[in-house]
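The next block holds one structure in the form of structure tokens; read it before the comments.
The values are calculated or read from the model by the stated rules, or taken from the named source; none is laboratory data. Nothing here was measured: the structure is a model prediction, and the numbers come from that model. Here the Cβ positions follow ideal geometry from the backbone for every residue, glycine too, while neighbour counts run over all protein chains shown.
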Amino acid sequence: MSSPSQLSADQLHQATFPRLLLEHARVRPAYPAYREKYLGIWQTESWSEAAIKVRELACGLASKGFTRGMTLGIIGDNRPRLYQAMLAAHALGGTPVPLYQDAVATEMTYVLQDAEIGFAFAEDQEQVDKLLEIADNLPALHHIFYLDPRGMRAYDDKRLCLIDDLLNQGRAYNQSQPKFFDTQVALGKSSDVSVILYTSGTTGKPKGVCQTHASMIGAGRGACEVDALSPADGVMAYLPMAWVGDFLFSMAQCLASGFTVNCPEARETVSTDMKEIGPTYYFAPPRVYEGLLTSVTIRMEDAGRIKRQMFDFFMQVAGRCGAELLDGKAVSVGQQILYFLGNLLVYGPLRNNLGMSNIRVAYTAGEAIGPDLFRFYRSIGVNLKQLYGQTETCAYVCIQRDGQVKYDSVGKPSPGVEVKIGQNSEVLVRGVSMMDHYYKNDAATEEAFDADGYFRTGDAGVIDNDGDLRIIDRAKDVSTLANGKVFAPKYIENKLKFFSYIKEAVVFGSGRETISAFVNIDLEAVGNWAERRNIAYSGYVDLAGNQAVAELISSCIEKMNKELSKEIMLGHAQISKFLVLHKELDPDDDELTRTRKVRRGFVESKYAPLVSAIYSGLPEQFIATQVRFEDGREGVVSATLKVHDVPTFSNSEDC
Amino acid sequence: MATRQIGDVILEVQNISLSFGGVKALTDISFNVKEHEIRAIIGPNGAGKSSMLNCINGVYTPQSGSITFRGQTFSHMNSRQVAKMGIARTFQNLALFKGMSVIDNIMTGRNLHIRSNILLQALRWGPAEREEIIHREKVEHIIDFLEIQAHRKIPVGQLPYGLQKRVDLARALAMEPQVLLLDEPMAGMNVEEKQDMCRFIMDVKDEFGTTIVLIEHDMGVVMDISDRVVVLDYGKKIGDGSPEEVRTNDEVIQAYLGTSH
């Protein structure tokens with residue numbers, strides 16, 4: 001190991017996460033860095049306090065034998081200590097590997113083995129139990145640090161250590177070797193791997209994406225530049241730590257700009273916590289925005305007549321001019337006055353209720369967002385924008401700029417990134433945020449980049465007249481119907497999912513004459529709908545099999561068909577038959593990925609009898625499905641499902 | 001993995017008999033409860049399980065017999081006194097204040113610990129405010145413990161049944177009891193809620209060292225978590241011992257499976 005004096009000055013001034021942390025602690029020691037709600041009260045940790053904690057954690061880890069080049073597993077909900085543990089690993093020249101906290105133990109085995117994890121932070125008893133359950137397959141795992149002592153009294157495994165003890169040990173180590181931490185930080189290079197993020201893996205084993213300090217910080221700085229993020233901003237950290245977006249927002253952008261990361265009290269309290277904290281900066285996948293809107297709609301349907309009418313009236317006003325006002329376009333004085341009134345009576349209180357009163361910028365990504373949904377938020381004055389990227393590109397490829405926002409595109413390339421369209425309309429990317437390599441998988445790394453060093457995203461896209469990128473589907477999922485016309489399943493599924501009653505949809509049609517769909521109803525929205533019509537049901541299976549519900553879904557699909565028929569490119573792709581599945585698609589049953597994307601091929605083979613029933617014209621089909629419950633036990637859900645027909649419309653293109 | 005060693009007898013029930021007119025609810029029942037154990041009372045419907053708990057916490061006065069708690073023997077218990085001595089309970093049919101929030105419901109469990117007078121409390125002034133902060137902190141620990149942070153301010157009546165049961169338990173815990181009487185804590189719950197409740201009960205014992213007496217119908221639960229089991233049938237004790245002993249007791253099997261009717 002070389003001493004710091006032997007390193008070049010250039011290397012010394014390279015940005016790494018710990019150096020950014022120490023810089024914030026020096027420049028703005030008293031500014032809030034992290035907030036966390038404990039016992040009902042928000043506890044704030046300033047930058048200087050955070051730096052001390054990281055120092056102690058790093059020294060504690062070092063005293064336990066953590067050295068350069070090692071990996072540190074992170075399993076838990078978003079907690080300041082877990083973010084600080086990642087920074088501690090960075091300080092020691094190690095690499096954090098955050099894991100999905102809701103994965104079952106056996107799913108974690110592969111990642112823990114592949115990343116050769118010897119040290120891990122686990123939030124609580126639940127996560128510790130999972131690690132101990134699979135510990136026999138993890139000979140490398142020697143240290144597990146847990147944050148919450150609750151229920152841990154009875155454990156005497158030698159690998160376990162409470163974080164308070166680790167901090168105490170670190171404090172003592174730091175006192176005996178006060179220069180150790182700074183020396184270690186000085187050794188860090190920005191070309192070191194700052195995180196290994198495992199891709200959820202729609203096919204095959206997950207791959208470990210290695211991102212360097214340089215690429216992550218580059219992506220973080222670029223995003224801060226686009227939206228002028230400052231230490232005065234605050235973000236809500238509630239998305240899985242294993243997901244690239246959370247690392248980008250709660251680590252890279254946080255340290256690039258110095259804004260505050262707010263951690264919710266518990267997974268279920270996010271909406272109340274949002275209201276209390278009022279973040280200025282917010283990120284959520286479309287699903288979350290949709291869930292919020294659904295709950296608003298349901299509550300409005302239950303509201304009194306006057307309130308409902310007022311809401312409907314002002315939402316129409318907002319629909320006419322809200323988004324235009326946000327974009328700074330010209331709007332008539334009469335509309336402006338109405339919007340001002342609406343803001344006082346409806347939009348303001350609504351934003352407050354959603355915890356979005358202070359939002360300056362809100363982002364969505366990961367999936368296509370419905371036009372109505374997108375417009376709803378913008379019309380009530382929430383500056384919702386889209387960005388595009390994947391784990392391999394630090395979720396930093398395209399980003400919409402203020403005043404240039406469209407629902408069907410993801411915006412222009414981010415600062416420092418080049419985008420071009422390759423074969424099969426595949427989106428190719430090059431620039432600051434590209435991954436270094438896949439962990440221990442050179443073949444995959446080589447395959448991921450083309451000869452010019454462009455990363456192959458695997459997404460199919462087009463660049464429109466404004467120079468904005470529009471994503472259509474996965475490049476490999478785009479296929480043709482039997483008549484040779486383009487079939488982009490995700491495009492249709494997304495349109496279906498824009499209906500609040502439909503939670504999930506899987507569309508089939510590749511190489512076939514017609515297009516058909518499996519539908520998952522949204523239990524909350526359809527349940528409420530059923531209650532108001534006095535339709536009794538005992539649970540999901542019962543409600544999904546109800547004839548009235550089938551008619552409801554049928555009317556939704558008919559509406560979508562009608563809209564589709566007006567489109568130029570994909571007007572022929574209308575659904576003629578569908579059925580409502582008797583169980584919800586679930587990541588535990590491998591039907592969805594952990595990020596809740598449909599595994600279409602798997603679903604098609606798992607429910608093969610249903611697919612063949614649809615295409616052989618059967619009116620109904622019996623099916624029994626294996627399900628795995630949360631505790632790991634298995635059971636069978638069975639039902640006889642009816643196939644329903646939907647009218648299709650002649651395509652304007654054909655006429 | 002027992003970390004809290006089961007200690008000496010803390011509560012002893014001796015020859016309790018209780019009848020309502022001609023109906024004999026309990027006949028000559030004796031058993032004891034040791035410190036830091038989970039003691040289950042099981043039996044078919046109408047066996048007298050709830051009546052037994054009601055005798056222990058002073059709702060019913062038995063005609064004969066005595067109850068000894070921490071060396072003090074009583075011929076009948078007085079419910080306020082029982083609460084002061086550190087015995088708390090939850091109810092089969094939830095006796096929560098439906099219109100009050102979760103926080104307020106749990107705060108009522110601190111009632112016996114509150115010293116300041118009602119006027120100061122009403123004004124929330126001076127010592128009353130300081131006291132309330134201390135009690136609120138205790139209550140917040142319990143909320144954290146039972147994972148009901150998301151429901152703090154919601155009126156109890158709006159919560160699903162499983163959560164109401166948890167609030168009922170939270171209120172009993174707020175008393176910081178030495179002995180906790182749970183009347184069918186898992187009735188009407190689904191599998192997942194039952195598992196959660198089991199975990200909470202075990203954790204209450206481990207973390208707070210509370211001795212637990214519980215009535216439960218779910219045999220799986222009883223056999224899993226209890227240290228010793230008492231079996232009642234038609235007001236009589238027909239079995240007493242470890243889950244394994246009780247499981248193989250002929251009289252118990254007969255009471256549960258019945259003879260042909």
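What is the residue count in the stretch A:251-274 for residues that are in a helix (DSSP H, G or I), touching a helix residue (DSSP H, G or I) at 6+ places or on another chain (Cβ under 6 Å) and away from chain B (no Cβ under 14 Å)? Adding up the residues that qualify gives 5. For the stretch A:523-532, does any single residue satisfy the condition of being under 24 Å from the mean Cα position of the chain (by Cα), among the charged types (D, E, K, R), under 19 Å from A:PHE498 (Cα atoms) and not in a helix (DSSP H, G or I)? Looking through the stretch A:523-532, none of the residues is under 24 Å from the mean Cα position of the chain (by Cα), among the charged types (D, E, K, R), under 19 Å from A:PHE498 (Cα atoms) and not in a helix (DSSP H, G or I).
Applying the set (1) farther than 21 Å from A:VAL54 by Cα; (2) within 14 Å of chain B (Cβ to nearest Cβ); (3) in contact (Cβ under 8 Å) with a residue 24 or more places away in the chain to A:ILE277 leaves exactly one unmet item: (2). A:GLU584 falls short on exactly one of the conditions (1) within 27 Å of B:GLN195 (Cα to Cα); (2) away from chain B (no Cβ under 14 Å); (3) surrounded by fewer than 16 Cβ atoms within 10 Å (Cβ to Cβ), and that condition is (3).
When the criteria are applied in full, A:GLU301 meets the requirement of being away from chain B (no Cβ under 14 Å), surrounded by fewer than 18 Cβ atoms within 10 Å (Cβ to Cβ), more than 26 Å from A:GLU123 (Cβ to Cβ) and among the acidic types (Asp, Glu).
Conditions tested, residue by residue: (1) more than 18 Å from A:SER191 (Cβ to Cβ); (2) touching a residue at least 60 places away in the same chain (Cβ under 8 Å).
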residue: A:VAL382; (1), (2): yes, no
residue: A:GLN390; (1), (2): yes, yes
residue: A:THR393; (1), (2): no, yes
residue: A:VAL410; (1), (2): yes, yes
residue: A:VAL419; (1), (2): yes, no
residue: A:VAL427; (1), (2): yes, no
residue: A:TYR439; (1), (2): no, yes
residue: A:ASP442; (1), (2): no, no
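Which of the residues belonging to the stretch B:122-135 are touching a helix residue (DSSP H, G or I) at 6+ places or on another chain (Cβ under 7 Å) and either part of a helix (DSSP H, G or I) or among the aromatic types (Phe, Trp, Tyr) (or both)? If the condition is that a residue be touching a helix residue (DSSP H, G or I) at 6+ places or on another chain (Cβ under 7 Å) and either part of a helix (DSSP H, G or I) or among the aromatic types (Phe, Trp, Tyr) (or both), then B:PRO127, B:ALA128, B:HIS135 are the ones that fit. Counting only strands (runs of 3 or more DSSP E) wholly contained in the stretch B:8-121, the ones carrying 3 or more residues that are not hydrophobic (A, V, I, L, M, F, W, C) occupy B:9-20, B:23-34, B:64-69. Test B:ARG130 against the criterion of being within 14 Å of chain A (Cβ to nearest Cβ) and surrounded by fewer than 18 Cβ atoms within 10 Å (Cβ to Cβ), and give yes or no. When the stated conditions are applied, B:ARG130 does not pass them.
Residues checked against (1) at pLDDT 90 or above; (2) buried (at least 16 other Cβ atoms within 10 Å of the Cβ):
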residue	(1), (2)
B:VAL156	yes, yes
B:LEU163	yes, yes
B:MET197	yes, yes
B:ARG228	yes, yes
B:SER242	yes, no
B:LEU257	no, no
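Condition (residue is more than 14 Å from every other protein chain (Cβ to nearest Cβ), free of Cβ contacts under 8 Å to residues at least 40 places away in the same chain, closer than 22 Å to B:HIS217 by Cβ and surrounded by fewer than 23 Cβ atoms within 10 Å (Cβ to Cβ)) applied to the stretch B:25-46: is it met by at least one residue? Yes, the conditions are met somewhere in the stretch B:25-46.
This table checks each residue for (1) under 20 Å from the mean Cα position of the chain (by Cα); (2) modelled with pLDDT of 95 or more; (3) surrounded by fewer than 22 Cβ atoms within 10 Å (Cβ to Cβ).
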site	(1), (2), (3)
A:TYR407	yes, no, yes
A:PRO415	no, no, yes
A:ASN424	no, no, yes
A:GLY431	no, no, no
A:ASP436	no, no, yes
A:LYS440	no, no, yes
A:ASP450	no, no, yes
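For the stretch B:136-189, a residue qualifies if it is within 14 Å of chain A (Cβ to nearest Cβ), over 22 Å from B:GLN121 (Cα atoms) and charged (D, E, K, R), and the qualifying residues are B:ASP144, B:GLU147, B:ARG166. Sort out which residues of the stretch B:232-246 are closer than 17 Å to B:ILE56 by Cβ and either in contact with a helix residue (DSSP H, G or I) (Cβ under 7 Å, 6 or more places away or on another chain) or basic (Lys, Arg) (or both), and write them in order of number. Of everything in the stretch B:232-246, those that are closer than 17 Å to B:ILE56 by Cβ and either in contact with a helix residue (DSSP H, G or I) (Cβ under 7 Å, 6 or more places away or on another chain) or basic (Lys, Arg) (or both) turn out to be B:LEU232, B:LYS237.
The number of residues in the stretch A:321-356 that are surrounded by 13 or more Cβ atoms within 10 Å (Cβ to Cβ), at pLDDT below 90 and charged (D, E, K, R) comes to 2. Of all the listed residues (A:ALA237, A:ALA228, A:ALA223), the sole one being of a type outside the set (Ser, Thr, Tyr) and in contact with an Asp or Glu (Cβ under 8 Å, 6 or more places away or on another chain) is A:ALA237.
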